[in-house]
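The values are calculated or read from the model by the stated rules, or taken from the named source; none is laboratory data. Just so you know, these numbers come straight off a predicted model, no measurement behind them. All Cβ positions, even for glycine, are placed from backbone atoms using ideal geometry, and neighbour counts span all protein chains on display. Surface accessibility is based on the protein's heavy atoms, side chains included, excluding ligands, DNA and RNA. Shrake-Rupley method; radii C 1.70, N 1.55, O 1.52, S 1.80 Å.
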Amino acid sequence: MQVPAYVEYEKATSVEHALALLARFGPEARILAGGHSLIPMMKLRLAQPETLVDINGLGELCYLTVTDGELRIGTLTRHAQLLDSAAAGRHFAILHDAEQVIADPVVRNWGTVGGSLCQADPSEDLSAAFAALKATMIIRGPDGIRTVPAREFHTGPYETVVADGELLTEIRIAIRPGGGSAYEKVGRRVGDWPVGAAGAAVWLAGDSIAEAGIGLTAVGAQHFAAAEAEEFLRGAPATEASFGRAGQIAAEHCRPSSDQRGPADYKRHLASELTTRALRRAVRRARGMDA
Ligand SMILES: Cc1cc2nc3c(=O)[nH]c(=O)nc-3n(C[C@H](O)[C@H](O)[C@H](O)COP(=O)(O)OP(=O)(O)OC[C@H]3O[C@@H](n4cnc5c(N)ncnc54)[C@H](O)[C@@H]3O)c2cc1C
């Protein structure tokens, strides 16, 4: 049986308390959210924090609201709560699409949105969904609050801009008219990490795409996004030809690597095909033609 190394444990009673604990215990302290990623890494000695700061009691970080034209998601919101949220599904169907295929009910019941983003696994599903939606991350630290675009949040595999002593507290997504979104994933089996996945968010102006966001995961896309394909789509007709060409561009610009989930050329093919499918479904939803 794998057992983590000895670790101190502190239970935070408020966000201020969590920040004070992080300041007190320094860079070797780690936030414990759902623990679904951190605890296995500790068992394998891939992470060896000296102190865990448990934020699970912080109800103030567990919410989904529509406020000032934005969907706001507290960092401690569980995957299952996001999946259950009617507001999230109504405004951003991509979030429900993605949550339906993340892991299994046990992981979804306790794993958190913030923990997923901060883990920064290069195959993480929500990172691609939030990149497609061009979300904003709210980070709190000893010097106050700062906001970071989703596409600047991840600095590399397993790395984010959240510094020692800071806490991701909220994710915000602007609600704009004329939008639709969707997520498409291929995994080896139900509930598995993706071999490849793509998310699309579109905003239509008549028969054209006014703006598009495309998120990719597990295929080596920079910042989980397909910026060149988005650029191509701006002002393009919302047609099959555009969706297919955008898929090709997305595939050309990502850098998948071969691993136990599949060869690089297959992942590149998935990037193209799944981008095309996600765009097709997002546009249908924007037109009110698909659930
Ligand atoms: C069997 C299994 C299958 C899975 N399948 C998938 C899948 O298909 N797709 C997918 O995307 N994911 C998958 N996951 C990952 C799962 O979604 C994450 O493990 C989990 O949601 C991470 O959240 P957590 O709350 O458990 O984070 P934790 O494990 O508690 O934390 C992860 C990291 O984030 C840090 N952290 C947590 N919250 C904060 C915060 N608010 N501010 C700053 N740092 C923070 C922690 O210190 C730690 O470094 C799977 C996991 C398991 C165990």
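Couple of notes before you dig in:
- Computed FRET value (nearest 0.05) for V15 with D68, which takes r as the C-beta separation and R₀ as 25 Å: 0.75
- Using distinct alpha-carbon pairs, which all enter the 1/r mean, Kirkwood radius of the range 52-102 in Å: 11.6
- Between R284 and E240, the contour length at 0.36 nm per residue exceeds the Cα-Cα span by 14.7 nm.
- Applying both filters, DSSP loop and at most 16 other Cβ atoms within 10 Å, to the trypsin sites (Lys or Arg not before Pro) of the range 191-291 gives R234, R287.
- The range 39-70: GluC sites (Glu not before Pro) falling in loop per DSSP and having at most 16 other Cβ within 10 Å: E50
- Cleavage-rule hits (chymotrypsin sites (Phe, Trp or Tyr not before Pro)) in the range 1-57: DSSP loop, at most 13 neighbouring Cβ within 10 angstrom: Y6
- Cβ-based net charge around A227, under 13 Å, with every Lys or Arg adding one and every Asp or Glu removing one: -3
- Accessible-area composition of the range 1-112, carbon plus sulfur, in percent [1.4 Å probe]: 55
- Amide H to amide H distances under 5 Å link G187 with V195, where only residues 5 or more positions off or on other chains count and H is placed in the peptide plane.
- If you wrap the Cα atoms of the range 58-213 in a convex hull and average its projected area over all directions, you get 9.5 nm².
- Close amide-amide hydrogen proximity is noted between D121 and Y158, each under 5 Å apart and 5 or more residues distant or on a separate chain (H modeled in the peptide plane; Pro and chain starts excluded).
- Rg over Rh [alpha-carbon atoms, Kirkwood Rh] for the range 8-90: 1.06
- Under the Debye formula (equal points on every Cα, no solvent term), log10 I(q)/I(0) of the range 88-170 at q = 0.19 Å⁻¹: -0.87
- Full-extension gain in nm, V190 to A264, via 0.36 nm per residue minus C-alpha separation: 24.5 nm
- Where only alpha carbons of the range 132-291 are counted, the Rg and the Dmax (Å): 16.4, 50
- Folded to 0 to 90 degrees: helix 264-286 orientation relative to the chain principal axis, Cα: 70
- Cα-Cα separations in the range 1-147 greater than 29 Å, expressed as whole percent: 17
- Number of Lys pairs (Cα under 24 Å; 8 or more positions apart or on different chains) in the chain: 4
- Rg over Rh [alpha-carbon atoms, Kirkwood Rh] for the chain: 0.98
- Proximal charge balance of L52 [Cβ under 10 Å; K/R count +1, D/E count -1]: -2
- For the chain, calculated [θ]222 nm from helices alone, where every DSSP H run of n ≥ 4 adds -39500 (n - 2.57): -10500 deg cm²/dmol
- Förster radius 41 Å - calculated FRET efficiency between V7 and E228 (Cβ-Cβ, nearest 0.05): 0.40
- Furthest towards positive pole of dipole, Y63, T160, Q48, structure part the chain, Cβ charges: Y63
- The long axis of helix 240-253 is offset from the longest Cα principal axis of the chain by roughly 50 degrees.
- For D104 and A86, the difference between the fully extended length at 0.36 nm per residue and the C-alpha to C-alpha distance is 4.5 nm.
- Amide N of the range 1-15 lying under 19 Å from the label point, which is placed 7 angstrom from the Cα of R45 along Cα→Cβ: 1-8
- Accessible surface of the range 126-250, 1.4 Å probe, proportion on carbon and sulfur as whole %: 51
- With the largest listed first and rounded to whole Å, the semi-axes of the equivalent ellipsoid of the range 174-250 from the Cα gyration tensor are 23, 14, 11.
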